[in-house]
Each structure stands twice: as structure tokens, then as C-alpha cells.
Amino acid sequence: MTSFPWLTTIGLVPTLGAVAVLAAPKTREQAAKSVALGTSLLTLVLTIVACVRYDAGGSRFQLVESHSWIPAFGVRYALGVDGIALSLIALSAVLVPIVILASWWDAEDGERSVRTFFALILVLETMMIGVFAATDVFLFYVFFEAMLIPMYFLIGSYGGAQRSYAAVKFLLYSLFGGLLMLAAVIGLYVVGNQQLAGSIGSFDFQTLVNIHITPGVEKALFLGFFIAFAIKAPLWPFHTWLPDAAAEAPTGAAVLLVGVLDKVGTFGMLRYCLPLFPDASHYFAPVVITLAIIGIFYGALLAMGQPDLKRLVAYTSVAHFGFIALGVFAFTSQAQAGATLYMVNHGFSTGALFLLVGFLIHRRHSRLVGDYGGVQQVAPWLAGAFMVAGLSSLALPGLNSFVSEFLVLVGTFTRYRTAAVIATVGIVLAALYILLVIQRTMHGPLRAGLEHTPDLSLREAWVIAPVLAIIVALGVYPKPLLDVITPSVKATMHDTGTTDPAPKLPVAQEGDK
Amino acid sequence: MSAIVAAAGDITAPSIEYGALAPMLIVFGAALLGVLVEAFVPVAHRFAAQVGLAITAIVAAFVGVVVLAGSHSVLAEGAVANDGPALFIEGTVLALGLASILLLAERSLDAGGSALVAQAAALPGSAAERAQPSDAVQTEAFPLALFALGGMMLFPAANDLLTMFVALEVLSLPLYLLCGLARRRRLLSQEAAVKYFLLGAFSSAFFLYGLALLYGYAGTVRLSGIADATRGSTKSDGLLVIGLALLAVGLLFKLSAVPFHSWTPDVYQGAPTPVTAFMAAGTKVAAFGALLRVLYVGFADVRWDWRPMMWIIAIATMVVGAVLAVTQTDIKRMLAYSSVAHAGFLLTGVIAANKEGLSGTLFYLLAYGFTTIGAFAIVTLVRDAGGEATHLSRWQGLGRRSPLVAGAFAFFLLALAGIPLTSGFAGKFAVFAAAIKGGATPLVVVGVLTSAIAAFFYVKVIVLMFFSEPAADGPTVAIPSPFTAAAVALGLAVTVVLGVMPQPLLDLAQQAAPFVR
Amino acid sequence: MSPDWWLYLSAALFSVGAAGVLLRRNAIVVFMCVELMLNAVNLTLVTFSRINGDLDGQIIAFFVMVVAAAEVVVGLAIIVTIFRTRRTASLDEANLLKY
Amino acid sequence: MTSLTLNSLALAASHMSTAETVGFWILAPIALLGALGVIFARSAVHAGLLLGLVMLSLGVVYGVQDAQFLMFVQLIVYAGAVMSLFLFVLMLVGIDSSDSLVETLRAQRPLALLLGLGFAVLLVAGIADATTGTTSAGLEEANADGNVLGLAKLLFTRYVFAFELTSALLITAALGAMVLTHREKIGPKLTQKMMMQERVRGGRPSPLPGPGVFARSNAVGTPALLPDGTAASESVSPSVAQTLAGRGVESVVGRHPATIDAQPAPVEPESFEAESFQPETFEAEPFEWAPSSPESPPEPEPATTEEDA
């Protein structure tokens, strides 16, 4: 490929920015922040350009780059995006400048280096873009693991009171999953090596999709990958690190953690587990769907009883990831497209919730739901934004999540009816926990101590406005995004050797659930 | 009388290829010169002379290894193999030796001077010891280190078991002595020396008994001869199996595999840290080289006899090393147990018993050696009034005090944990891939699980350094002289480069792969 | 009766030496037991030399003696040093390094 | 040469000759009992002497087995030099350093014995399995030019590199022994005049009383008696007193506590410390050497001293 290396550039810019931020003298910290924001905006612009260059109807992987890296293992530095990866890269590129702006004063307690904080976020952006853009399984694994390190330091150094515990828990869970995946990656390599006689083996995604694996080995390898992704996603019962990590992480890091990093898990299931191990995926699908449904209810129920705002949002995410996993393993193009869309939507809606919760906590210095009440009276804009984000999270029609949730459930219904019906109940629970928290914090009598709560500042408004705009836009007109996603999902379906079941019931019938 | 003379005339002069043996001979020669330096150079100039001599010799020997690269022959009447793996390990050991000499040459960290004792013969706490000038150093350590280095070079290159045994002793005896030469905590250091010595002698007796039984089995101690004897033999395997098992005990002791690891934490903790670094890196590399040669050259055809046993040992080594490391509170002991765990990971590469296993193990050895030396070099930097502050609790909040040093240490730990983009990851990948290919998948699963356990204690230290509040009377980080700084930089550079760009070295290890028979 | 009997003797001596290393707590006696093991090895080598009909075994035994002599010097020097520091050579008291 | 006479002992064919069988049944029990004695003897010196016995009997075994050169090396180097070194060090360290009866690890002794026994059974079984029925080739051919010449041929051809290598070992050993025991003189050498001045100014120009003077015994541990009948503790070398105390022997000086309190500190000029092989050099060190944990705070001493002193 002689064309301009868009993906490398997009990935490299934040790292260069991080170096610049770190190199800034201690006295020019504010300037360093601006550099960080500028870098992330530049990345966003480049990503938009890349999106424009992407041809939704074109070949499966576009903007491809491929260079030999470690020939001894057959490892290549191979990047490329399909619709799924591109939309997630876009999600990261949009969220990072927002997070930087939102965290503008978060690292200012004087004890920790401000520059390091922003540099870590930028490095994290590089890793996130890399993990989505990699088309070499080894390269994917490298980014998958390396991504942990900046997040680990973000949580551990800048987090709340229990930060060190949360950071270690986060890292160990992820490392454990990652190491299992490493075993599977090596196994996949060896299997591929035996099949591709004459070459040194390969990690190229598209090559590996075409190899045939004996069923027993395939199941073992699937489990290696799947458990890593399930920990990352996080799927019940591998989720226990998430509430701790998300609650202790600084707001910005929490947004990126839940909004983007965890998507790597579901992305991996869709992009790697299914095409690489189609038979095993089918074999395990009932188990995964069961876990996903348990997750939907478990997350919802725990969110309802959760007194800690940040943990509450984290538990809602567990429920949402249940929906995404359900969609991925439903093996219909509708459900998978819905799941992909859900990943993007969840990034924005949960991101918005974390940001707003962060703003609230910044005002009251408490994470407890019980310390809030009647915020609407003193900060109507904040309350309004919270309302919109919350409604998006419960998938109100007209807002983004509705489209994706609907697609997931419809797609699941055509194959797994019972599961879809049960999952639908989860939506009711989602409505309950979101409305409950809005009622408790925003409405009712004003709590003592909240009298002088300021409304959204200009910076905060700038932070939250774009997110809310996107939430509404994707709810009203998701077509462009779906157009990008659907062909890629179809290609994935093709890899798994599955076709959509012929609809036996008119779609409209499920629509009125 | 005349008959004897006539008969003596029958002996044809042996041919010794001095050119091809040059790297080893340079190191041994420099060690001899070092002894002469002790005798003839005035005290004031001895230190500089020894350091200069050692560094020059190591660099010259390294050049020699580079020049010899690609040779594939048997030297000195069949005693020494001059093949790819031998030269690869010789080069590795020389580079690690250079880094260790640099650490030994450090004198500016401590008010007391070097890490080495001023006068080993002066009793601790006695008037005679107090009378020592503060810049005095037992400079004999340098020739001793060179002798050990020479032994480490020969150990994996020995083509018969007798030469291997003598090399084992040549590398061990100076290390026993060096262990006892710590400047501070001298009793601890001397106890480490006694323990290391007694257990080392014990294990070399096993090695010897194995050698004797194999001699009885094969009628020769040459590895190729043993290989010939095992091939198509109708003899009962009793001697062969017992002999190999006993031989393996001696080798496994040196590379601290469970259950022959009990000396490792004590000795690593008690020895002067530069010596610990030298042992942890150099001895392990050399011993694995020897193990590879013994198993791949002498016993390749009876691999079904030794693989089951090695499976058990590898699993035990990984599990015990990783689990016990978690409970340690001393940084040197923790690194010692981590080295035990790494011996287990390396053994998975040995068990693969294929070409990939050999090249992967060679790569891992080099990667691990430099990371370990770097980590121990940093341990020498963190000091308080009592010398090195090795208790883990003293490292609290080090990341705040001196982010650079703590960052470098964290990086070494991440490399030991096998995080991608570090050399440790590439090495682990290489040996695990070889092991799966060699049919040892369960072993790799155990390896991966223990890696997760191991990651726990590496991460624990990082947490301690970065996320804890520094203690008020915490240790200071000494400003290293260029010597230690160079050793740390070398470790860092190799760890990064091999993590990002492992290909050139993998190529080298692959080219080195076949052993000469 | 065949020369094997010498091999059994050496196996017995080696085992006794090994047991002694584990049994005794005095550093010097432990070291003596190691020497006993080396002597047993030498007996094996000499016997195998006769069984195999070549002198390699005797040469190896000779090397073992040379190496053992060097080892004895180093070992005793270390033991003397720690004794002077510690005034006892019992391994039990060498307990600063705990397992 | 002796080889002739010994060769006649061993008509080594596939089976032992009668003479060798007799030799076996004499030497093997001696060696085995000696070995068992080494590990069970309470006193280290007894263990050493028994080890010497094992070595001597093995030397004879070598002779029986056509290894004349090794026999002499064994007798001279091993049983002679090495064992003397052992005994010498034992004496230096203190002959009383018998094993403590305290077991640090419970059941270690039975376990060690069991392991040793099991190991022996394993070895014997393995060897028996492998060697029964094998015939011995004998060494007549190899020793045709004489044992020494045969060995020399091998030593200087096939094993020449290992032979050269042992020089490194021997140098290491010499260097190591020197490092650990030889102390370089720092400071000026004392002249006779200086020593004389020191003695006169030291408060006691006259020689110390000899032990045993007017006492009931003339042992070195028995203090001299002063005219008033009390013991002169300074007449007993502090090293002797300390050694006895270290062995748990009730100090002879200790019988006269009243006089001890009155005693001036024994004059022990530092400058008289000569080579380390003189007992005084180390015995004169304070015996307050309680094992302390390595974490104990360092004493305020110069930088070169160790922390746990």
C-alpha cells in the first residue's frame, strides 16, 4: 500500500502529543494541557478525514497498512479498519478531547504530576486506536495488553481513596484474561503453522479465519479468547473488577474505561471469537447468552440498590454489556449490527452519565446518592443534561440507545425467542433504576448543603453539549452509522458460516414490546 | 627407564586451536593478569587497573566471539564445542559479565565505598576492620569474577561431561567466594557463602555420580559418544536413566529449579548485590546452555526418558517460584523467587525438544539476563543509613521521590511479568510457542497461569512504589556513577529493543540453533 | 563374584554421604560427607574403568581429586571465615537467612 | 614398581579373583562402617578420623583394582593432605563443635536417613539391573605400558583441555584462601623499640603470671594463685577462658568471682595481633555476638563496619 498511512498517523499523533506534554516545563502546565487538547482535536480531525475516505460499500478492510515486524513469528504490523472498527475508533477520537476538557482541573491536587495525567490519556488513545485498527492477531494482543498500563496508572495515581486496590484488581483481572488469551494466541499460531505448510505461520486475521481447526482445539482456543474478552467487556460473572475500577478512577478515566476500553471485549468477541472459531462460537452461544441475560438482570438489580453514584453507573454498564453480548452471539446480522451500534451508543450515553456524575461529585464531594436531592432547583441545566443522558441509557425512543437495543432484541428474537423475551424485561428494570436515581438526586426537596450548587460552567457545558448532541443525532438518524456497520457485520456473519434465519413473524409484531 | 621414555614419545602432541578458543583464553588470561596486578601494582592503583583490565578483556573476548560467529566445529581434542549455541551463550554471558563488572566497579553510591568488603579477612566490627581506609576494596574480586565468567563461557560449550564438570567448578568456586564479600551485613553474606558452597558441593557430587554412571553405561563421557550409545542400544537403561537423573540434579541446582532451589533466596539476599546480579543473570544463562547441550546432544534420542521428569520439575518450578515470591517482603528475595519462576518458564522451552525450543530458550535467556541485571542494578541505588534498603516496605512511594529510577524499575518488573512490548513478552512467546509445537500444551497453560500469579507480585511492587505515600524517613536514591548508570542503561536498552524489535536477535538465535555433534 | 560388588559398595557409600549431608548440622562435618560422596564417585569410576577396559575412568577420578582439593581449600576458607565471625560452625545457628 | 605386586593381587578378568574377593570382604565393611561412623560420630574429630579411614581403605581398593597411580594420589593427596587440612581446620575452629541436639526441623533426622536408605536401594537396584551379567574387560591391555604412562597418554591428549583448566581452579582456590584469611598490614610496622615503649607504658612491664603456678593443677585453664590464695585471672589467657566458657565448661576463673571483679582488664595490645592463625586474633574479639535479626538498627559505627555486629 503506497497510500498515506492514515491509521498509523491517527495512532501516532496522540503519542507525539504525549511526549510534547511530558516535555513541557513544570511551570507551563496550563500550556501543556492546551497541547493535549489540541493533539486530541487534531486526532479527531484526522479521524473524520479517515471516515470520509472510508467507502462503506468497498472492500472489507480499508486504509490498510502492512509491514513485516517479527518475521520469525510471522507477525506483521498490519492495520486496517472495517465498519465496526472505524466506528469504535471514531468513538474514541470523539471521547478523548471531551475527556481532556472534562478533566481540566482534575489532576490539580498538587501531589501528582498534571502533565503525566494528560500524557497518559493521550498514550491511552494511541493504544485504543491501535487495538481497534490491528488486523494482525498478535498486534491486537500487544495493544490489548499494553492498553492496561496507562489505565492502570490513571486509576492508581489519580483515583479515589481505594485507588490502589482498584488499580491492582483491574490490572490483575485483565492480565489474567490477557495471559489466557496469550496461550490461545500461541495455540492459534501453532495450529495455523501446521496448516500453512511451508511458511513460518501467520497472525494475519484473514489468513487465520480460513484455517480449519479440530473441534476440541477450537473450543479450547475459543475459551482462551472469550474469557479474556468477557473479563474485559465485562460479562457476568467476570465483572467484579469494573465497579471498583470505575468508581475509583478519575471521571475522565472512567469515561474512557467504560466507554471505550471495555468495548474492546465485545469488539473482540464480534471480530475475533466469532470469525476465528465459528463452530465453537455456535457451540458456546447458549452459554454466553445465558450469561448475558444473567448480566442484564444482575447489573440492573445491583444498580437499583446501589448507593454510590459511580458504582451505580458501572452496574448499569454491566447490564448494557449483557445486551451487547446477547446481540453478538445471537448470530443474526440485525442483532450484531445492533450490538455494534450499541457499543458506540453506550460509549456516549454512559460517558455522559459518568461526566455528569463527575460534575455532581465535584460539587458535593460525595458519591452517595443519599447526599443529593432536588438538584434541579439549583442547577436546572445540569439536571436536564442528566435527564437526557439517563433517558438515553434506558433506551427511550428518539434517543440513540433505543435503536440499538431494538435491533439487538429483534435480531435475537429471530433465533433465540425465549432469550429475547426475557431480555426485554431487562428494559423495564433499566427504566426503573434510571428513573429512580433521577428522582432521588434531581427532584424532591433540596438537600441541605446543596443550596449554593452552581449550575454547569461554560467548560462543563462545552464538554457535555457535544455528547448530548450526538445522543440525540444518533437517536433520530442512525442510518449513516448503520450503513457503515452493516456490511462489515455481514462479512463477519459470512465468516461464521451463518445466515440470517428467515423471519417467520412480521418484524412489527415484536416492535410493540 | 628408557622404555618409559620411548613409550612417552608415542604421545602425539594434542592439537589445541588457540585461535578458536581465544574468547575463553582471553578471559582466563586476564584473570591471571589480575592476580599479578594484586601482587605487583601499588594499592592506590589496583582498583583502576583491575577494572580496566576486566573491561578490556571482556570487550576483547566479545569481539572474538563476534569474529568466530558461524563456526561449527569441535576444539581441543573434542573437549570444547564451538557451535552456534555455544557462541551465542558466550556472547550473552560476556555482555552480562560486562554489566556486572560495571556494577562491581561502582564506588560512589555509599559513603562506605564499594559494595565489596574492604578486607574480607578483617573481622566484622573489629578494630582491624575499622582501621581500613574507606576507599579500600577487596580488589581480588575482579580476577575472581573473571574466572567465574570464563567458567560460565566454557560450561555450555563443554563437549564432554568431564570438561563440563571442571567448568562447573571453575564457575562455582569464585562465586562461592564472591558471595561472602559483601561490605555491609557481612554475617548474612558469609552465611550465604557457606550455604551456597555446601549445597553447591553437594549438588556437584550428584553431577559427578551421574557422570560416573553414564561413563559406565556408555564407556565414554563425550556427549556424542553417549548419544551413540543410547541409539539402538539393547542394554538395560538403568544406568542411563539414573545417571541422567543425577546429572540433571547438578544442572538443575545451578539454574535453581524446584526442588533444588532452596539456596537461591538466601544466597541472592546475602551476596553483594552486584554479585547477585552476576549470578542471577550469568549462572542461569550458562547453566541453561549446559542443560540444553546435555539434553539436546547427548540425550536427544532418549527424550521420552527425561521429558516426563522435566515436566514435573518445570511445573513445580513455575508454581513454587511464583507462589513463594508473592509472600516475600525483601526485594532481593522476591527477585530470587522470580528467578526460580523464570527458570520454570525457560524449562518449558527446553522440554519442547525442537529447534524452536532451542532458539526460543536462547532468546529468553538473553532477554531475561539483561532485565535481571538492570533490576538488581536499581536495587543497589535505593539506600538508607544501613546500606541498601531491600525491605519492600522501604520502597513505598519511591515513584514520588525519584520517578526516573522507580519508572525504570517498574519497566524491568513489567518485562519480567511479560507485558507486551518488553523483551520478556517476546521471550515468553518464543518458548511457549515452541513448547506447544513440541506437544507440551498443558505445560504452557500452567506457564500462563503462573505468569498471572507472578504478575501479581510484580504489580504489587509497582503499586507500592507509585500509589503509596512515601515514608518520612524513606530511603534515598543514590546518584549512580557512570558505571551503574551504564549497566542500567544497557539493561533498559536491551529490554526495550528486544520488546519492540526482537527480529534480529531471533534470527541470530535461529541461525545459532544446531548443536555440533 | 563380579566387580559389580564394588559398585554396590560405592552406591552405599554415596548414599551414606548424602544422608550425612542432610543429617548433620556442623558445616565441617557436612563438608566431610560431601567428600565421602566424592570418594564414592571415584570408586565407581575406577570400577567402571576396569569393567570398560579403558583408563578414562581413572583419569576422571584423578580430575575429581584435583577439583576436590581446590574445593576443599575454598570451602574450608569460607567456613573458617564465618566461624571467626560467628564463633561456631553449626548450621543451626546460621539462621539469619530464613526460609 | 609397586604395580607389579598389586597386579598380582588383581587378576582382573570377568570375575574377581579369590584375593580380590577376600580384599572386598575386608575393605568393604571397613569403608562402610567408617562411612556410617562419619555421619553418626558425635564429635567432629572422630568423624574426620573415620573419614580418613574410609579414604585409606578406598586407596587400597584402588590398588586392588589396577589403579596404582590413583592409589598413591588417594593416599598422599586425599588421605594425606586433604584430611590433614580438615583436621587442621577442625582444631582451629574448636574440636568441641559437636552437633547441637536441638532439631530445627522436626523429623529431619529420620527423614534424612529414610531418604539415604531409599536412595541407596534405588542406586543398587539400578546398578544391579544394568550390570548383572556384564563382564569386566580388565585393564591388562590399557595398563600394558604401565598405569602411569597410560594415564599420562590420556591426560595429555584427550583430556588436556580439562587439565589446563584445572589451573584456573587451583589459582582460584589459592586466591580465595588468601582473600578470606590474609589481612594486609595497614599502618606502620612496629619496631622493637615501639613495642618496648608500649609495654612499659602499658602498666604492666613484667610478664603475666603463668597459669598453674602454685595451683593444684598446671593446666592452661587453671589460674595461678596469688599469695592470698585467690586466683589471678590474668594468668589465664582470655582466649582459653573464653573457649572454655564457650564450651559450657564452668570457667576456672569463675570460681573466684571476688577476684575477677578486682582484676584489671587483661593487657592485650592490639599491635601484637599477628597473623590470623594465632588464636588471639579472633579470640580477643568481644564475645557479645548474639544472633540478631538483620533488621536491627545499625550501631553508630564507621561506615565499613557491618550493621549486625
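Numbers at a glance
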{"read-out": "Shielded residues, region D:171-207 - accessible-area loss of 50 Å² or more between chain alone and all protein chains, probe 1.4 Å", "value": "D:Ile171, D:Thr172, D:Ala173, D:Leu175, D:Val179, D:Leu180, D:Arg183, D:Glu184, D:Ile186"}
{"read-out": "Charged-residue dipole, Cβ positions (Lys, Arg, Asp, Glu), chain B about Cα centre, Debye nearest 20", "value": "860 debye"}
{"read-out": "Taking chain A and dividing mean pair separation by its residue count, relative contact order in percent (alpha carbons under 8 Å, at least six apart)", "value": "15 percent"}
{"read-out": "For region B:489-501, 3J(HN,Hα) per residue [Karplus equation, 6.51 cos²θ - 1.76 cosθ + 1.60, θ = phi - 60°, Hz, x = Gly/Pro]", "value": "4, 4, x, 4, 4, 5, 5, 6, 4, 5, x, 8, 10"}
{"read-out": "Probe 1.4 Å, accessible area per residue of chain B, Å²", "value": "26 Å²"}
{"read-out": "³J(HN,Hα) computed for each position of region B:378-389 - Karplus, 6.51 cos²θ - 1.76 cosθ + 1.60, integer Hz, glycine/proline x", "value": "6, 4, 5, 7, 8, 10, 9, 4, x, x, 5, 8"}
{"read-out": "Counting all C-alpha pairs of region A:282-327, share separated by more than 13 Å (%)", "value": "50 percent"}
{"read-out": "Hull volume in cubic angstrom per residue (convex hull over the Cα atoms of chain A)", "value": "133 Å³"}
{"read-out": "Whole-angstrom Cα spans of region A:395-489 along principal axes, big to small", "value": "53, 30, 16"}
{"read-out": "B versus D: buried accessible surface, summed, Å² (probe 1.4 Å, to nearest 100)", "value": "5000 Å²"}
{"read-out": "Span-rule helices in chain A, defined as complete DSSP H runs reaching 24 Å or more along the axis (Cα) with Kyte mean at least 1.0", "value": "A:6-23, A:29-53, A:83-102, A:114-133, A:163-195, A:215-232, A:278-304, A:309-328, A:417-442, A:458-476"}
{"read-out": "Of A:Lys26/B:Lys332; B:Lys254/B:Lys332; A:Lys263/A:Lys479; B:Lys284/B:Lys355; A:Lys219/B:Lys428, those spanning more than 26 Å from alpha-carbon to alpha-carbon", "value": "A:Lys26/B:Lys332"}
{"read-out": "Whole-number D in µm² s⁻¹ for the protein assembly as shown, Kirkwood Cα-pair radius fed into Stokes-Einstein, 4 °C, 1.567 mPa s", "value": "37 µm²/s"}
{"read-out": "Low-density loop positions, chymotrypsin sites (Phe, Trp or Tyr not before Pro), region A:81-140 - DSSP coil, at most 13 other Cβ in 10 Å", "value": "A:Trp105"}
{"read-out": "For A:Leu456, distant residues with modelled amide H under 5 Å away", "value": "A:Trp381, A:Leu382"}
{"read-out": "Geometric extent, Cα atoms of region C:1-88 - Rg, Dmax (angstrom)", "value": "15.5, 53"}
{"read-out": "About the Cα centre, charge dipole magnitude for region A:42-131 (Lys/Arg +1, Asp/Glu -1 at Cβ), debye", "value": "340 debye"}
{"read-out": "For A:Ala249, distant residues with modelled amide H under 5 Å away", "value": "A:Gly160"}
{"read-out": "Alpha-carbon centroids, region A:377-427 and region A:171-243: separation in whole Å", "value": "32 Å"}
{"read-out": "Whole-Hz couplings from phi, Karplus 6.51/-1.76/1.60, listed for region D:174-180; x for Gly and Pro", "value": "5, 4, x, 4, 5, 4, 7"}
{"read-out": "Interface burial for D against C (accessible surface, 1.4 Å probe, total of both chains, Å², rounded to 100)", "value": "7900 Å²"}
{"read-out": "Chain B: Rg to Rh, with Rh as the Kirkwood radius over Cα pairs", "value": "0.97"}
{"read-out": "Extent along principal axes [Cα atoms of region A:277-499; Å; largest to smallest]", "value": "60, 34, 25"}
{"read-out": "Whole-Å distance, taken between Cα centres, linking region A:50-107 and region A:260-275", "value": "14 Å"}
{"read-out": "Long-range amide H partners of B:Val74 with built H, under 5 Å", "value": "B:Asn82"}
{"read-out": "The protein assembly as shown - percent of accessible surface contributed by carbon and sulfur, probe 1.4 Å", "value": "68 percent"}
{"read-out": "Separation between Cα centres of region B:180-234 and region B:38-88, rounded to whole Å", "value": "24 Å"}
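The values are calculated or read from the model by the stated rules, or taken from the named source; none is laboratory data. Just so we're clear, the structure is a prediction, and the values are computed from it rather than from any experiment. Counting neighbours? That spans all protein chains shown, and the Cβs are built from the backbone with ideal geometry, glycine included. Keep in mind that these areas ignore ligands, DNA and RNA; they rest on the heavy atoms of the full protein, side chains included. Shrake-Rupley method; radii C 1.70, N 1.55, O 1.52, S 1.80 Å.
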